[in-house]
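One structure is given here, and the rest of the page talks about it.
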Amino acid sequence: MANYNAKEVEEQIKQFWKQKKIFKFDSSKKEKIFSIDTPPPTVSGKMHIGHSYMYSQMDFIARFHRMLGENVFYPFGTDDNGLPTERLVEKLKNVKSKSMKREDFINLCTKTLKEITPEFIQDWKNLGVSCDYDLAYSTIDENSRRLSQKSFIELYKKGLVYKKEFPSLWCPECQTSVAQAELEDKEIPSLFSTLKFNCEGKDLLIATTRPELLGACVGVFVNPRDKRYKSIVGKKAKVPLFNFEVPILADESADIEKGTGVLMICSYGDKYDAEAVNRHKLSPKIILNLNGTLKIKPYEGLKIKEARKKILEDLKNANLITEQKQITHAVNTHDKCGIEIEMLPTAQWFIEVLDKKNKFIEQGNKIKWHPEFMHKRYDNWVNGLEWDWNISRDRHFGVPIPVWQCKKCKEIILSDEKDLPIDPTEIKKKCPKCKSEAKAEEKVLDTWATSSITPQIASSLVATKEKSKIVIPFLLRPQAHDIIRTWLFYTTVKSLLHENKIPWENTMISGFVTLGGEKMSKSKGNVISPQDVMKSYSADALRFWAAGSKLGEDLDYQEKDIITGKKLETKLWNATNFVFMNLKDYKFKKPAKLEKIDELFLNKLNELVESCTESFENYEYSRAKEQTERFFWSMFCDNYLEIVKKRIYQNKKGKESAQYVLYNSLLTLLKLFAPIMPFITEHLYQEYFKKIEKTESIHLIEWPKADKISKSEELDLFLEILTKIRQEKSNNKKPMNAECVVTLSKEEYENIVEMLEDLKDVTCAKSIKTGKFGVEFI
Ligand SMILES: [Zn+2]
Ligand SMILES: [Zn+2]
């Protein structure tokens, strides 16, 4: 018999699913709808191992619910605008967005996406992710742009969106404002220098890590309880090198214990500086350009780090440094580029969230979290919010903000909803109030401002008359834990503000993949490509591995786990072929009476079905996989198949009973494996079962039901005895088919009396006696 050719089979099965539209969502069906807010992956060349891990896990759940008979709504989108896409296109095409015309860069992005997206999506199909790929969207397509702009306008009309110019988070590398959720804490080394300010001829020492901001100094703080400095409060301090004077103010924020206890306030070193400037009504001095260079003499044109170096040299030469030490401290960097974030005053658009923290916590409590411990991460994020949600970006490729602003009276002019989607830069508007010319908003929406309405986008894909069927809340949001603070939180925000609802009833959160306990990264070179794994082994083997950990847990990639999956694949193939060799004359009918051991075996199988169903219902696919796998290898292959083999070969009494149980238990096992290993199970079903079962695909067939479960202790005893006999044979170096005479205790003998013939068959016992347990060889 030929071996299982996974590559060939998986290709055929993929074609079969596509042609027969096995995973097509049919809104006319009456069944309960299981709606999934599928994560749209960020288009980035190729699926990575983390994707394959997470999408496999959500697919286990989707396939299980489909087999339960539910009508699974499982769309597929791609997230393909905003900074991640811009950075990808810049890299692929070797261009810089900021140095191109807006229109040219947008066209280049659109063109590039067209080139790379089909191949990108193919990886998901290859993995067997059972989405309805006809229910497709991109977060920058016309429909998404329309809905995203509509969301903006609605929230603006509700008074929940505002535009404000004030110091906010700015990435000088990407040259855009960023949101709090994009900040990444990084521990970096820095030089902590104590500088000589001057107050009435005396040195006033201040320690800082940011001497390049000296020219932006607007004040000096001392703590009102700090006795050392009581006498100088209200006086002026002279800034070293620059020699202008700033007020010395008493403020609680100066930490008596830190450095010299004196704090310099720059506009703006960080959020606290910005607040301090505001609190004391100081006039800010902005010395940074948006591209992160200084605009103050004599350091004009230098980048922040170059300026820092130069200023320290100048301070040293002027003998203005008294002490320097190397420290490590946490700074905010931008998660997209790794560069340190600055604070710069620019006009940005915000959605009000800070005043609704309690509401968001309440919404989070209404969602069922799988696993529950992930809920805490959401609460922590909400409680730690310090900024309203900044939704505007100073970039090109994103959903345009559909507004104009009057150049004279500053009136904000919204686009008409019926004109959406629009790009305001393409349309000239006059102010309705003063008739002056209005300026189009050139900023675009951050990508999360659009992907936060994926439930609304997904439900809009269904034909209008059926729309009412896909309602918010959806049943399930699957995603990874690193975007709880962004995608999960923002979607919760939008659903609350628009619909006053939670977006989904359940969320399942996947962990990460590691290699040797470490996070994989291209820079470290420790990356496993899922495409290679699928090519060398199979998609089923990769999925088998992905089912190896509990939901929410990180999983180390180990090739041995893939190999275990591959072995299971081979065993399923071999066992099924073997079973059907024994079913050649089977009539596919239930015999009037089942043999005792067959009945007990079905009982055991029922226990498995019950436990697997419960596990899948609780998102515990790894437990279901593990139990099914164990049952299949041990109960089914090592024991049951061996026990009934002779009964069938030798046409003994009870042959039909064995055939009936073999057929049905194997089918049940394939069904239980189907969500995890969809290709091989489909293949074996098509080969052997479909002509009897009729249902088009194993993935549309009904999930097995556990019949009434009765006790199967006698089977346990039978297997215990079987193990003992096998052990005796092995102790005596006899082959398993060595003929023998078995002696059982009277009690054992009586308990399995109805199964003695089976015991004889499987142990090659000539006879079974009672007495002291033993095996004699003849
Ligand atoms: Zn950046
Ligand atoms: Zn006006």
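The values are calculated or read from the model by the stated rules, or taken from the named source; none is laboratory data. Please read these numbers as outputs of a predicted model, since none were measured by experiment. FYI the Cβ positions are ideal-geometry reconstructions off the backbone, even for glycines, and counts take in every protein chain you see.
How many residues does the stretch 670-696 hold that are buried (at least 21 other Cβ atoms within 10 Å of the Cβ) and touching a residue at least 60 places away in the same chain (Cβ under 8 Å)? Of the residues in that region, 15 qualify.
Condition check ((1) within 56 Å of the chain's Cα centre (by Cα); (2) assigned to a helix (DSSP H, G or I); (3) not hydrophobic (A, V, I, L, M, F, W, C)) across all residues:
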position	(1), (2), (3)
P735	yes, no, yes
A738	yes, no, no
V741	no, no, no
E748	yes, yes, yes
V762	yes, yes, no
I768	no, no, no
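A residue that is surrounded by fewer than 19 Cβ atoms within 10 Å (Cβ to Cβ), at pLDDT below 95 and more than 16 Å from ligand 2 (Cβ to nearest atom) occurs nowhere in the stretch 144-163. Scan the stretch 75-108 for residues that are touching a residue at least 12 places away in the same chain (Cβ under 8 Å) and either within 16 Å of ligand 1 (Cβ to nearest atom) or not in a helix (DSSP H, G or I) (or both) and the total you get is 19. Yes or no: the stretch 379-401 includes at least one residue that is in contact (Cβ under 8 Å) with a residue 60 or more places away in the chain, over 25 Å from the mean Cα position of the chain (by Cα), within 25 Å of Y137 (Cα to Cα) and more than 16 Å from ligand 1 (Cβ to nearest atom). Among the residues of the stretch 379-401, at least one is in contact (Cβ under 8 Å) with a residue 60 or more places away in the chain, over 25 Å from the mean Cα position of the chain (by Cα), within 25 Å of Y137 (Cα to Cα) and more than 16 Å from ligand 1 (Cβ to nearest atom), which makes the answer yes.
Selection of the stretch 396-415 for residues being within 13 Å of ligand 2 (Cβ to nearest atom) and either of a type in the set (S, T, N, Q) or in a strand (DSSP E or B) (or both) yields W404, Q405, C406, I412, I413. Of all the listed residues (K435, K418), the sole one being at positive phi and either within 16 Å of ligand 1 (Cβ to nearest atom) or outside any strand (DSSP E or B) (or both) is K435. Of the residues F166, F221, the single one that is at pLDDT below 95 and part of a strand (DSSP E or B) is F166. Against the numbered list (1) at pLDDT 95 or above; (2) part of a helix (DSSP H, G or I), E714 comes up short only at (1). Please work out which one of (1) in contact with a Phe, Trp or Tyr (Cβ under 7 Å, 6 or more places away or on another chain); (2) within 16 Å of ligand 2 (Cβ to nearest atom); (3) within 17 Å of E103 (Cα to Cα) is the condition K428 fails and give its number. Single failed check for K428: (1).
Does A181 meet the test of being assigned to a helix (DSSP H, G or I), of a type outside the set (K, R) and buried (at least 19 other Cβ atoms within 10 Å of the Cβ)? Answer is yes for this residue. Only one residue in Y619, Y640 is of a type in the set (F, W, Y) and either closer than 21 Å to Y537 by Cα or under 29 Å from the mean Cα position of the chain (by Cα) (or both). Which one? When all the criteria are applied, what remains is Y619. Scanning the stretch 220-259 for residues that are touching a helix residue (DSSP H, G or I) at 6+ places or on another chain (Cβ under 8 Å) and either under 22 Å from Q324 (Cα atoms) or among the aliphatic types (A, V, I, L, M) (or both) returns F221, V222, V239, P240, L241, F242, I248.
As a summary of the residue check, A276 satisfies the conditions (1) more than 23 Å from E173 (Cβ to Cβ); (2) in a loop (DSSP other than H, G, I, E, B); (3) among the small types (G, A, S) except for the one numbered (2). Among the residues of the stretch 444-460, those that are in a loop (DSSP other than H, G, I, E, B) and either within 16 Å of ligand 1 (Cβ to nearest atom) or within 12 Å of P40 (Cβ to Cβ) (or both) comprise D446, S452, I453. I367 meets all of the listed conditions (1) farther than 30 Å from L113 by Cβ; (2) touching a residue at least 12 places away in the same chain (Cβ under 8 Å); (3) within 16 Å of ligand 2 (Cβ to nearest atom) but one, namely (3). Restricting attention to the stretch 342-364, which residues are β-branched (V, I, T) and either at pLDDT 95 or above or away from ligand 1 (no atom under 16 Å from the Cβ) (or both)? The answer is I351, V353, I361. With respect to K258, determine if the residue is part of a strand (DSSP E or B) and basic (K, R). The answer is no for K258.
Among the residues making up the stretch 378-421, those that are closer than 17 Å to A440 by Cα and surrounded by fewer than 17 Cβ atoms within 10 Å (Cβ to Cβ) are K407, K408, C409, K410, E411, I412, L414, D416, E417, D419. V753 meets all of the listed conditions (1) touching a Ser or Thr at 6+ places or on another chain (Cβ under 9 Å); (2) under 22 Å from Y640 (Cβ atoms) but one, namely (1). Scanning the stretch 379-394 for residues that are assigned to a helix (DSSP H, G or I) and closer than 12 Å to S168 by Cα yields a total of 0.
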